[in-house]
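In what follows, a structure is listed as C-alpha cells, so that the remarks can point back to it.
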Amino acid sequence: MYKLLKQCGRAKRGEFTTPHGTIQTPVFMNVGTLAAIKGAVSTEDLENIKCQVQLSNTYHLHLRPGDKIVHQLGGLHKFMSWNKPILTDSGGFQVFSLASLRKIKEEGVYFASHIDGHKIFMGPEESMQIQSNLASTIAMAFDECPSAVADRTYVQNSVERTTRWLIRSKNEMDRLNTLDETINKKQMLFGINQGAIFPDIRIEHAKIISELDLDGYAVGGLAVGETHEQMYHILEETVPYLPKNKPTYLMGVGTPENILEAVERGVDFFDCVLPARNGRHAHVYTNYGKINLLNAKFELDDEPIEPECQCPACKRYSRAYIRHLFKAKEMLAMRLCVLHNLYYFNTLMEEIRTAMDEDRFVEYKKQKLDGFKRGVEGKPTNKTRKQ
RNA sequence: GGAUGGGUUCCCGAGUGGCCAAAGGGGCCGGACUGUAAAUCCGCUGCAUAUUUGCUUCGAAGGUUCGAAUCCUUCCCCAUCCA
C-alpha cells in the first residue's frame with residue numbers, strides 16, 4: 001500500500017508498505033538478476049549499503065535454478081536469506097535483450113534458452129506462475145519492451161498486445177494468490193506502460209492501465225536507445241496519467257542524473273544494472289562525476305573513491321589500491337567498487353528523500369547536477385574551498 | 001674445445017625471398033556499458049604525418065638479389081648436451 005507523504009512540484013515522497021516491510025520512496029532497487037548481486041555481494045553487505053529492495057528476474061531464475069526448486073525451498077526470501085522486499089521482473093525485458101533468441105506471438109513468447117538453446121514458452125500466465133513460485137513481494141506484468149527505434153505501427157500493435165497481456169497477468173495473479181500452495185498470497189502486481197517515444201500512444205496506454213487498480217505502475221521501454229531528452233519528455237507527458245496514489249516505477253533507469261531528473265518528473269521507484277556492472281568494470285560514481293579507476297592518473301591517488309562517502313570501500317581504501325586490485329585481477333576490486341556504487345545510489349536516494357522532507361529538493365538536485373557536470377577535474381580543492 | 005638448437009617490435013611468440021611495420025597472445029593506454037546472454041565488449045600500441053605518404057626496425061657487420069626478418073659470410077651472445 002502506497003502513502004503519498006508529500007509532493008514537491010511533481011516529485012513524490014512516499015512510503016510503500018508491503019508484507020516484507022515498508023519502502024521509503026523515492027527508492028533505488030538493487031539488481032540481483034540471478035538472486036545475487038554480481039560482484040560477490042552478500043546479503044550482509046546489502047545491510048551495510050542501505051539497500052531497501054532487491055530485484056530478481058523471472059526468466060533467469062526459471063532457467064536456473066528453476067522456480068519450482070525455489071518454491072520447494074520456501075521462496076526467494078528464504079532461499080537468498082533476505083527478508084526485505086523483492087521485486088521480480090517478468091521476463092519482459094528479455095523479450096527485448098534476447099531479441100535474436102525469441103519469437104513473439106499473441107499467446108506469449110517462444111525463447112531459445114541462452115544457456116543451452118532448449119525451447120521455452122513464456123506468456124503472461126507462465127510469468128505469473130513463475131513469479132508466484134519465486135514468491136517475490138512484487139511481481140511485474142509480462143510485457144513486451146520494444147526497441148526505441150521501432151516504428152509507430154509496430155509499437156501500436158505491441159502496446160495493444162501488452163495491454164491484453166496485462167489483463168491476463170492480473171487475472172492469473174489473482175487466481176494464484178488464492179491457491180493453498182502459494183507461498184506469498186499477498187503478492188503484488190505492477191503494470192507496465194509502453195509506447196516507445198510516441199507520447200500519444202504512451203498516454204492512451206497509461207489511461208487504460210490506470211483503470212485496472214494495480215499495486216503500482218511502471219514506465220518501461222525507456223533508456224533503450226533514445227536520447228535523454230526524449231526520455232525526460234516521455235516522462236513529462238506520461239507520468240501525469242498514472243495514478244498519483246500508487247508507486248511510479250521507471251524500469252531500468254539509470255544514471256544519477258537520470259534519477260534526479262525522473263524524480264522531479266514524479267518517478268519513485270528505480271532499478272538499474274549500471275552501478276553493479278560499472279563497478280565490476282572499474283567505473284565508480286563520485287559527487288564530481290563517474291571516474292574510471294583503471295586510468296593511469298589514479299596510480300598514485302591516495303584518496304578514497306569519494307572522500308565524502310561512508311561506504312565500506314571509501315572508509316578504508318584508496319583509489320590507487322583499488323586500481324592495483326583491478327590490475328592484479330583480484331576480485332576484491334570488483335566487490336569494493338560494486339559496494340561503493342550501490343551505496344552511492346542508495347545514499348543518493350536517501351539524500352533525495354531528506355531534501356524533499358526539508359523542502360529543498362530543487363536546490364539539492366541543482367547542486368548535485370552541478371557537481372556531476374564539473375567532473376573530478378573541476379572539483380573544488382581545500383584551497384579553493386577556503387576562498 | 002666440440003655438437004645441436006636459438007637470438008623478431010614492451011614481453012611471450014609466429015613468420016623462412018615480395019601480399020611484412022611483421023599473425024596470435026599478454027601487458028600498456030583509452031573507450032563503452034541504463035527492467036544483466038556482460039568478472040564483458042571495443043579501440044589503440046615503431047616514429048613523423050593531410051585517413052595519403054615518408055622514415056627507421058627483426059643480435060652485429062658485410063654480401064647476394066630488382067627486392068631480405070627470411071639466402072650467404074664472419075663475428076657476438078643464449079640454451080642444452082659431450083669433453
Inset, instruction - For region A:123-281, just list the percent of Cα-Cα distances falling in each 10 Å bin from zero outward, please. - result: 11, 39, 35, 14, 1
Legend entry - For chain A: accessible area per residue (Å², 1.4 Å): 43
Legend entry - Rounded tilt (10° steps) of A:124-134 against the dominant C-alpha axis of chain A: 60
Legend entry - Of all accessible heavy-atom area on region A:22-172, the percent that carbon and sulfur account for (1.4 Å): 53
Legend entry - Where A:265, A:277, A:168, A:360 fall by accessible area, highest first, once all protein chains stay in place (1.4 Å): A:277, A:360, A:168, A:265
Legend entry - Nearest-20 debye value, chain A charge dipole, Cβ charges on Lys, Arg, Asp, Glu: 900
Legend entry - Between helix A:228-238 and chain A: long-axis angle, C-alpha atoms, 0 to 90°, nearest 10: 50
Inset, instruction - Only helical DSSP H runs with n ≥ 4 go in: add -39500 (n - 2.57) per run for chain A, normalise by residue count and round the 222 nm mean residue ellipticity to 500 deg cm²/dmol. - result: -12500 deg cm²/dmol
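For chain A, what is the Kirkwood hydrodynamic radius in Å, using each pair of distinct C-alpha atoms?
21.5
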Legend entry - In Å², nearest 10: area of residue A:41 left accessible to a 1.4 Å probe: 20
Inset, instruction - Would you list the P(r) distribution for region A:211-286, with all Cα-Cα distances sorted into 5 Å bins from 0 and each bin expressed as a whole %? - result: 3, 16, 26, 22, 16, 10, 5, 2, 1
Legend entry - Degrees between helix A:361-374 axis and first principal axis of chain A (Cα, 0 to 90, nearest 10): 60
Inset, instruction - Choose one of A:74, A:35, A:25: the residue whose Cα lies farthest towards the positive end of the charge dipole of region A:1-125 (beta-carbon charges +1 Lys, Arg; -1 Asp, Glu; about the Cα centre). - result: A:25
Inset, instruction - State the antiparallel share, in %, of DSSP beta bridges confined to chain A, rounding to the nearest 5. - result: 50
Legend entry - Alpha carbon centroid spacing (whole Å) that separates region A:175-237 from region A:87-129: 18
Legend entry - Zero-based 5 Å bins, Cα pair distances in region A:298-375, whole percents: 3, 15, 20, 21, 17, 12, 7, 4, 1, 0
Inset, instruction - Under 14 Å Cα to Cα from residue A:315, which aspartates and glutamates show up? Leave out anything in the same chain fewer than 8 places away. - result: A:302, A:303, A:306
Legend entry - Evaluated over region A:58-124, the Cα radius of gyration and Dmax, each in Å: 13.2, 37
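The values are calculated or read from the model by the stated rules, or taken from the named source; none is laboratory data. What you see is a predicted model, and the numbers here were worked out from it, not measured in a lab. So basically every Cβ, Gly included, is an ideal-geometry build from the backbone, and we count neighbours across all protein chains shown. These area figures cover heavy atoms from the full protein model, side chains too; ligands, DNA and RNA do not enter into them. Shrake-Rupley method; radii C 1.70, N 1.55, O 1.52, S 1.80 Å.
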